[in-house]
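Asker: Quick one: the structure is below, questions incoming.
The values are calculated or read from the model by the stated rules, or taken from the named source; none is laboratory data. Since this is a predicted model, take the numbers as computed values, not measurements. Every residue, glycine as well, gets a Cβ built from its backbone with ideal geometry; the counts of neighbours run over all protein chains shown. Protein only, heavy atoms only, side chains kept; ligands, DNA and RNA dropped before computing areas. Shrake-Rupley method; radii C 1.70, N 1.55, O 1.52, S 1.80 Å.
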Amino acid sequence: PRLVVLVSGSGTNLQALLDAAADPAYGADVVAVGADRTDIAGLERAERAGVPTFVERVKDHPDRGSWDEALTAAVAAHEPDLVVLAGFMKLVGPAFLAAFGGRTLNTHPALSPSFPGMHGPADALEYGVKVTGCTLFVVDEGVDTGVIVEQTVVRVEEDDTVESLHERIKTAERGMLVEQVGRLAREGFRVDGRRVVVGA
Ligand code: GRF
């Protein structure tokens, strides 16, 4: 199966997928990497792996809707079976969801439905939870509200900072992402209500 991965930052989640997909037994190939901005490590990681890249910046478009359409076309050009948002910091819009809804996965560094949005690790630390973690879900029109595929628990340590906690979460996140993306890409899946059904 063909994966297109979208990034906005350092791309450590992307790197984990690139490393896994290098093994033919993984059963999925990263055929392209897209971003909403230039000059990020995530795009360099793709280039080092010889994977085609594309960038669609919101500010290059007259409005959000045309950016959404341009992003959708750029992804569609690579004919993905599955799209993975790996640290992608934009909400995909109606055009994207019409084309790839139900087969776009996203990771969030908190245990949904707790702490949605841009600052999951910081919000968890601030709240004082003893456990947090990461969530892999099927993207819908909301912010981190999609149907949950898998979650991994990460304990919060007494001396944690936002950075130390997020790094520990990202370690768990990479493992969960590689395992689940491979599984869903190989076996197929569909969304049934609030459940993901794996297997054709
Ligand atoms: C990940 O924790 C992702 O869930 C969050 O931002 C981080 C991206 O990290 N949205 P990277 O770009 O994959 O290193």
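Asker: Across segment 10-28, what is the number of residues that are touching a strand residue (DSSP E or B) at 6+ places or on another chain (Cβ under 9 Å) and under 17 Å from Phe54 (Cα atoms)?
Answerer: Selection size over segment 10-28: 3.
Asker: Right, another one. Which of the residues spanning segment 30-72 are open to solvent by 60 Å² or more (accessible area, probe 1.4 Å) and either closer than 28 Å to Glu187 by Cβ or β-branched (Val, Ile, Thr) (or both)?
Answerer: Thr38, Gly50, Pro52, listed by residue number.
Asker: So in segment 125-149, with the set limited to residues that are crowded, with 19+ Cβ neighbours inside 10 Å and within 12 Å of the ligand (Cβ to nearest atom), which one is farthest from the chain's Cα centre (by Cα)?
Answerer: Top of the filtered list is Thr132.
Asker: Here's another thing I want to ask about it. Can you go through Ala122, Ala99 and tell me which one is open to solvent by 10 Å² or more (accessible area, probe 1.4 Å), touching a helix residue (DSSP H, G or I) at 6+ places or on another chain (Cβ under 7 Å) and within 25 Å of Ala16 (Cα to Cα)?
Answerer: The unique qualifying residue is Ala122.
Asker: Could you please find all residues in segment 8-29 being more than 16 Å from the ligand (Cβ to nearest atom) and open to solvent by less than 20 Å² (accessible area, probe 1.4 Å)?
Answerer: Passing the criteria: only Ala28.
Asker: Right, another one. Counting only residues that are of a type in the set (D, E, K, R), at pLDDT below 95 and within 12 Å of Leu105 (Cα to Cα), how many does segment 124-165 have?
Answerer: Total meeting the criteria: 2.
Asker: Considering segment 179-191 alone, what residues qualify as being within 17 Å of Thr104 (Cβ to Cβ) and either touching a residue at least 60 places away in the same chain (Cβ under 8 Å) or not in a helix (DSSP H, G or I) (or both)?
Answerer: Gln180, Val181, Gly182, Leu184, Ala185, Gly188, Phe189, Arg190, Val191
Asker: What number of residues within segment 79-89 satisfy the criterion of being buried (at least 19 other Cβ atoms within 10 Å of the Cβ) and within 13 Å of the ligand (Cβ to nearest atom)?
Answerer: Qualifying residue count for the region: 5.
Asker: Next question, about the same structure. Test Ala99 against the criterion of being within 13 Å of the ligand (Cβ to nearest atom), within 24 Å of Val149 (Cβ to Cβ) and modelled with pLDDT of 95 or more, and give yes or no.
Answerer: no
Asker: Follow-up. Which residues, taken from segment 29-48, are among the acidic types (Asp, Glu) and either touching a residue at least 60 places away in the same chain (Cβ under 8 Å) or touching a strand residue (DSSP E or B) at 6+ places or on another chain (Cβ under 8 Å) (or both)?
Answerer: Correct list: Asp29, Asp36, Glu47.
Asker: Thr152 - would you say it is open to solvent by 30 Å² or more (accessible area, probe 1.4 Å) and in a strand (DSSP E or B)?
Answerer: Against the criterion (open to solvent by 30 Å² or more (accessible area, probe 1.4 Å) and in a strand (DSSP E or B)), Thr152 qualifies.
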